[in-house]
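The values are calculated or read from the model by the stated rules, or taken from the named source; none is laboratory data. This one's a predicted model, so the numbers in the text were calculated from it and none came from an experiment. Here the Cβ positions follow ideal geometry from the backbone for every residue, glycine too, while neighbour counts run over all protein chains shown.
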Amino acid sequence: MRPVVLRTPRLRLDLPVPDDAELVTRYCQDPIFERWLTTPWPYTRTDADAFLGTYVPSGWRSESELTWAIRRAEAAPLLGVVSVRETQREIGFWMGSEHRGAGFMSEAVTAVAEWVLGGGIPGSSTVFWRAVEGNVGSAKVARAAGFRRITPENPTVPTRDGETTLPAWYAVRERVADPRAEASWSDLLEVAR
Ligand SMILES: CC(C)(COP(=O)(O)OP(=O)(O)OC[C@H]1O[C@@H](n2cnc3c(N)ncnc32)[C@H](O)[C@@H]1OP(=O)(O)O)[C@@H](O)C(=O)NCCC(=O)NCCS
């Protein structure tokens, strides 16, 4: 598939490119990435170059993982990244620390989920989200993007080295918004919006 550009009221989602390497390297030093993500740790410039030069373009070509840069405008600095994996249509994301709390990620994740479910990936009727248990920031994004919490039999995510798993939270977003979605988060995110 050729990379697709998505637009939201405040954002442009487009292809992450090799020129984004410096920012990606800096953002991925964030200590919370060690805990919540499976990005390499410690994270080096070589990791960013491989991600942007090889992993991202080959993911689009093979449709194994579609990755977008989150920007305010064309050619503007990268703020964060959102992606969807073909298997399970699983969404993943991170935002550079200085750009958090402005609702950007909720806006970006909503746009990607709606694009997937609206025919961007033909035949997709669901998009999944999962996060290491305790990742409240990520859960709030999933809630804001209309995902509904589900509890599969063995809710886990693999660790960075792939050798073990951690307990996880799961949620799903369907084509037609589920009216129970908002309430499904109440035990986890007690404080109502
Ligand atoms: C999770 C993350 C992407 C949120 O990015 P963001 O740009 O702040 O998201 P938004 O501005 O759309 O915020 C959505 C909500 O989450 C809240 N939030 C964001 N980060 C938070 C955190 N670390 N702890 C608690 N709440 C958080 C915001 O206040 C907002 O709350 P509201 O819905 O009550 O208004 C960002 O914190 C991040 O990159 N975390 C590290 C990587 C990560 O965990 N990725 C997800 C892996 S599953």
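Can you run down the residue pairs with Cβ atoms below 6 Å, 6 or more apart or on separate chains, where the first is in segment 1-26 and without any contact (Cβ under 8 Å) to a residue 60 or more places away in the chain and the partner is of a type in the set (D, E, K, R)?
Once the first residue is without any contact (Cβ under 8 Å) to a residue 60 or more places away in the chain and sits in segment 1-26, its partners that are of a type in the set (D, E, K, R) give V5/D14; A21/D49; T25/R45.
Which one is nearest to P9 (Cα to Cα) among residues in segment 48-98 that are aliphatic (A, V, I, L, M) and surrounded by fewer than 21 Cβ atoms within 10 Å (Cβ to Cβ)?
Looking at residues that are aliphatic (A, V, I, L, M) and surrounded by fewer than 21 Cβ atoms within 10 Å (Cβ to Cβ), I get A73.
Return the residue satisfying two criteria in turn: it lies in segment 157-193 and is farther than 16 Å from W129 by Cα and acidic (D, E), and of such residues it is farthest from the ligand (Cβ to nearest atom).
So the residue we want is E163.
N154 passes all but one of (1) over 16 Å from the mean Cα position of the chain (by Cα); (2) within 11 Å of the ligand (Cβ to nearest atom); which number fails?
In the conditions (1) over 16 Å from the mean Cα position of the chain (by Cα); (2) within 11 Å of the ligand (Cβ to nearest atom), N154 misses (2) alone.
Please tell me if A131 is within 22 Å of S64 (Cβ to Cβ) and surrounded by 15 or more Cβ atoms within 10 Å (Cβ to Cβ).
Considered against the rule, which asks whether it is within 22 Å of S64 (Cβ to Cβ) and surrounded by 15 or more Cβ atoms within 10 Å (Cβ to Cβ), A131 comes out as yes.
For segment 135-155, what are the residues that are within 18 Å of S97 (Cβ to Cβ) and either surrounded by fewer than 20 Cβ atoms within 10 Å (Cβ to Cβ) or in contact with a Ser or Thr (Cβ under 6 Å, 6 or more places away or on another chain) (or both)?
N135, V136, G137, K140, V141
Quickly run through segment 12-38 and pick out the residues that are surrounded by 14 or more Cβ atoms within 10 Å (Cβ to Cβ), of a type in the set (V, I, T) and part of a helix (DSSP H, G or I).
V24, T25
Among (1) over 12 Å from R175 (Cβ atoms); (2) surrounded by fewer than 18 Cβ atoms within 10 Å (Cβ to Cβ); (3) modelled with pLDDT of 95 or more; (4) not charged (D, E, K, R), there is one condition P122 misses while meeting the rest; what is its number?
If we test P122 against (1) over 12 Å from R175 (Cβ atoms); (2) surrounded by fewer than 18 Cβ atoms within 10 Å (Cβ to Cβ); (3) modelled with pLDDT of 95 or more; (4) not charged (D, E, K, R), just (3) comes out false.
In this structure, is G137 near the ligand (Cβ under 7 Å from one of its atoms) and on the phi > 0 side of the Ramachandran plot?
no
For S184, state whether it is over 22 Å from F33 (Cβ atoms) and exposed (fewer than 15 other Cβ atoms within 10 Å of the Cβ).
So S184 fails the test.
Of these, A168, A144, A183, A113, which one is of a type outside the set (V, I, T) and under 22 Å from V56 (Cα atoms)?
A113
Taking segment 96-115 as the search range and keeping residues that are at negative phi and over 13 Å from the mean Cα position of the chain (by Cα), which one is farthest from the ligand (Cβ to nearest atom)?
Restricting to residues being at negative phi and over 13 Å from the mean Cα position of the chain (by Cα), the top hit is W115.
Residue by residue, here is whether (1) touching a helix residue (DSSP H, G or I) at 6+ places or on another chain (Cβ under 7 Å); (2) small (G, A, S); (3) part of a loop (DSSP other than H, G, I, E, B) holds:
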| residue | (1), (2), (3) |
| --- | --- |
| V84 | yes, no, no |
| E98 | no, no, no |
| T110 | no, no, no |
| E114 | no, no, no |
| P122 | no, no, yes |
| G162 | no, yes, yes |
| R173 | yes, no, no |
| R180 | no, no, yes |
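Within the set of pairs 6 or more residues apart or between chains, which connect a residue that is in contact (Cβ under 8 Å) with a residue 40 or more places away in the chain inside segment 33-57 to a residue that is surrounded by 15 or more Cβ atoms within 10 Å (Cβ to Cβ) and among the polar types (S, T, N, Q) with Cβ atoms less than 7 Å apart?
F33/T39; W36/N135; W36/S138; V56/T67
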